1. Please verify whether L169 is assigned to a loop (DSSP other than H, G, I, E, B), touching a residue at least 12 places away in the same chain (Cβ under 8 Å) and under 21 Å from L145 (Cβ atoms), treating the condition exactly as stated.
2. Check D392, D429 and return the single one that is over 30 Å from Y369 (Cα atoms) and modelled with pLDDT under 80.
3. Taking the condition of being out of contact with any Leu (no Cβ under 9 Å at 6 or more places or on another chain) and among the hydrophobic types (A, V, I, L, M, F, W, C), how many residues in the range 319-375 meet it?
4. Hey, T152 hits all of (1) crowded, with 16+ Cβ neighbours inside 10 Å; (2) at pLDDT 85 or above; (3) not hydrophobic (A, V, I, L, M, F, W, C) but one; which does it fall short on?
5. Only one residue in R224, R219 is of a type outside the set (F, W, Y), surrounded by fewer than 20 Cβ atoms within 10 Å (Cβ to Cβ), without any contact (Cβ under 8 Å) to a residue 24 or more places away in the chain and touching a Ser or Thr at 6+ places or on another chain (Cβ under 7 Å), so which one is that?
6. Here is a list: L163, L148, L131. Which entry is touching a residue at least 40 places away in the same chain (Cβ under 8 Å), within 16 Å of P241 (Cα to Cα) and assigned to a helix (DSSP H, G or I)?
7. Quick check: is even one residue across the range 204-211 buried (at least 19 other Cβ atoms within 10 Å of the Cβ), assigned by TED's automatic domain parsing to the domain that holds R107 and in contact with a Ser or Thr (Cβ under 9 Å, 6 or more places away or on another chain)?
Amino acid sequence: MIRVQFIQKQEQAQKLSLTPAMRQSLECLQLSALDLFQYVQEAALENPMLEVELPSLSSVSLDSQAAHETSITEHETWDDCFARRNEPSAEQDALSTLSSADEDSLRDHLLAQLGQTALIDEQLEPVCRFLIDCLDSRGYLDCPLEALADETGLSLFLLEQALFAIQMLDPPGVGARSLSECLILQLSQGEHFSALTLGLARDSLEQIAKKQYSELAKRFHTDRKTILAAVAVISQLNPIPAQGFGSHESSSFVVPDAFIYSQNDSVTIELNKRALPRISVDEHYRIMLDSADNAELRDYLRQKLRQANDMIQGIQGRGQTLRRLLRYIADYQHAFFCGGELRTMTIQSAAEALEINPSTVSRAVQDKYIQFGGKVIPLRELFSSSVTYGEDGALSSVAIKQRLRVMIQSENPTHPLSDEELAAALANDHIEISRRTVAKYRSQLQIPPASARRTRT
């Protein structure tokens, strides 16, 4: 097993340069609507300066498909070579929806381990906490460390130390920045770590997905049987470290952060006012601060006033960032909202267009939802990575699903298309996906197999 030596010495100590206002702003931005309400309520209990008005939440039911359908990743083809032991059935999916609220969150699980490892001292712990809050719903870190360094003022070295420490925590693979790194982290902590499994996980996933075992055998100077055994080991790894952990909010309902409407080739955005708590400074305590004779009381009230203003600015900034991002998405995905296909769009491209940090965009889309066309859509779904390149360029998973639906709707009902025939038809349109992926997308669209669609005459 390859051992990586953890170096913790620094010639000059560095303190976390996140100011309370910065931390407040970042936390407000990445919270879901439900979590934001809870966050504000808890803050109001500790801060008499905060006056909070919580509008009644108009909760929107989220069906099982929308709640659990995940965006296709850049490694979608690799997913096909997993044994699908990690993909729950529809029945299991419904059960997880009901029970997830009672499970420990990945965040809580990781935070509980921070004080139990010698890798993390008092200096490194706040940086680790910060990075844990940056993990996405899969348990991945999708914000480049360089971007986080620019955003926070922390040194890249310190962030790398903290990330290394997090990657040593349970579950294996947490804190990975790619599927490949996730698999390598799991291999390094298991009994099947070898030069072969490392090489396959590091730079051969595409070849594995295409079942190019003979080519891999030549490349690694071994036989096909050995390659198949190594692939079997890798296929049993967990590509989603956060799987099995609950979230801070119940997944059976969500509150959309915004509504998007399209009419006559025009797309409009309306932020959900009910998803934002209305907070202000309590005038009674502000007057008390102005007239207080006791120095200790004045210091206390000044501190609480500063915290209240930080929260107000954080929530206002959250709304402004969401509005800018949604306006960009509405313009960029104009064709989709008007009945067309979803264009490929990345966190990086959105950040560049808006001239903001990619980590800011990542936080803005985390656990956020929009309501469009009578459906609630996870905002991250609009950032689906491309899976193929054809005459029309890169296509997203959503666009491919739309094509599948149209193909099935227009098929001969007495001779419905099998998954293999659907894959072949897509290939004719320069969309190369496997039969297994077609079956997966068809299931997510809640379309039965060909045998169940056949009309008997």
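1. Judged against the criteria, L169 is a match.
2. Within the list D392, D429, the selection yields D429.
3. Residues that pass the stated criteria total 7.
4. For T152, the exception is condition (2).
5. From the options R224, R219, the qualifying one is R224.
6. Among L163, L148, L131, only L131 is touching a residue at least 40 places away in the same chain (Cβ under 8 Å), within 16 Å of P241 (Cα to Cα) and assigned to a helix (DSSP H, G or I).
7. There is at least one residue in the range 204-211 that is buried (at least 19 other Cβ atoms within 10 Å of the Cβ), assigned by TED's automatic domain parsing to the domain that holds R107 and in contact with a Ser or Thr (Cβ under 9 Å, 6 or more places away or on another chain).
One line per residue, one yes/no per condition, for (1) among the polar types (S, T, N, Q); (2) over 19 Å from R363 (Cα atoms):
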| position | (1), (2) |
| --- | --- |
| A275 | no, no |
| V281 | no, yes |
| D290 | no, yes |
| E296 | no, yes |
| I312 | no, no |
| T321 | yes, no |
| L325 | no, no |
| I329 | no, no |
| Y332 | no, yes |
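The values are calculated or read from the model by the stated rules, or taken from the named source; none is laboratory data. On a predicted model such as this, the values are computed, not experimentally measured, just so you know. Don't worry about glycine lacking a Cβ; one is built from the backbone with ideal geometry, like all the others, and counts go over all protein chains shown.
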